[in-house]
Amino acid sequence: MAADRGSGGRRPADAGDTGDRTVRAARADESARAAREERRESEKERADRRWTELLQEVRVAQMGIQILLGFLLSVAFTERFTDLGPVDRNIYVVTVVLGSAATGTLIAPVALHRFVTGHRMKPQTVEWAARLTITGLVLLLCTVTCALLLILRVVLDNGMAWWIVGALFMWFVGAWFLLPAWARRVGPRRKEREGQEQRS
């Protein structure tokens, strides 16, 4: 009877261990496969690929901020600008400063790459450029939000402008930052499930 109790106590543990071993084996297989795929691409080749991808992304963001900043700088020379109140003028100044900072930050990866080219720092350059790009996107988000606030305060009722800008700000945050963060979290789990289904 004691033996039965002992074996009965071991069965759930054995089943749990088997399940854990299966999950660990699946993860090990996935890691090994990923490592094999990465071995086909040297560190230099990977850095070159990441730099090319980053450059394409930066070009899209640069085009957007340059058009927006050009529009903002031209506003100060229009006749309507003199009609703006102190609050709207302050919003305008903040928007122009943010736009200038975003432009400088999004152009910085190009300057960084140019100055360190030939020093065998490509992987580090790609990492720094990626961080600068994310910072530039945050500044671009703030610039777009302030520009919308300024325009909507002139066109609509003040209270309505804040609600619309707040909703659009949340939309941008979700589309630009929360969705990629969710995709990074869910993607590996989905690949793991697909690998388990294929093996079963």
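The values are calculated or read from the model by the stated rules, or taken from the named source; none is laboratory data. Being a predicted model, the structure only gives us computed values, none of them experimental. Reconstructed Cβ throughout: ideal geometry from the backbone, glycine too, with neighbour counts over all protein chains shown. Surface accessibility is based on the protein's heavy atoms, side chains included, excluding ligands, DNA and RNA. Shrake-Rupley method; radii C 1.70, N 1.55, O 1.52, S 1.80 Å.
Name every residue in the range 137-174 that is free of Cβ contacts under 8 Å to residues at least 12 places away in the same chain, under 17 Å from the mean Cα position of the chain (by Cα) and farther than 12 Å from residue 102 by Cβ, in order of residue number.
170, 171, 174 - these are the residues of the range 137-174 that are free of Cβ contacts under 8 Å to residues at least 12 places away in the same chain, under 17 Å from the mean Cα position of the chain (by Cα) and farther than 12 Å from residue 102 by Cβ.
Take the range 113-126 and flag every residue that is assigned to a helix (DSSP H, G or I) and open to solvent by 70 Å² or more (accessible area, probe 1.4 Å).
114, 115, 124
Looking at 110, 93, 58 in this structure, which one is touching a residue at least 40 places away in the same chain (Cβ under 8 Å), open to solvent by 50 Å² or more (accessible area, probe 1.4 Å) and not small (Gly, Ala, Ser)?
110
Considering only residues that are closer than 23 Å to residue 73 by Cα and out of contact with any Leu (no Cβ under 7 Å at 6 or more places or on another chain), which ones fall in the range 163-182?
169
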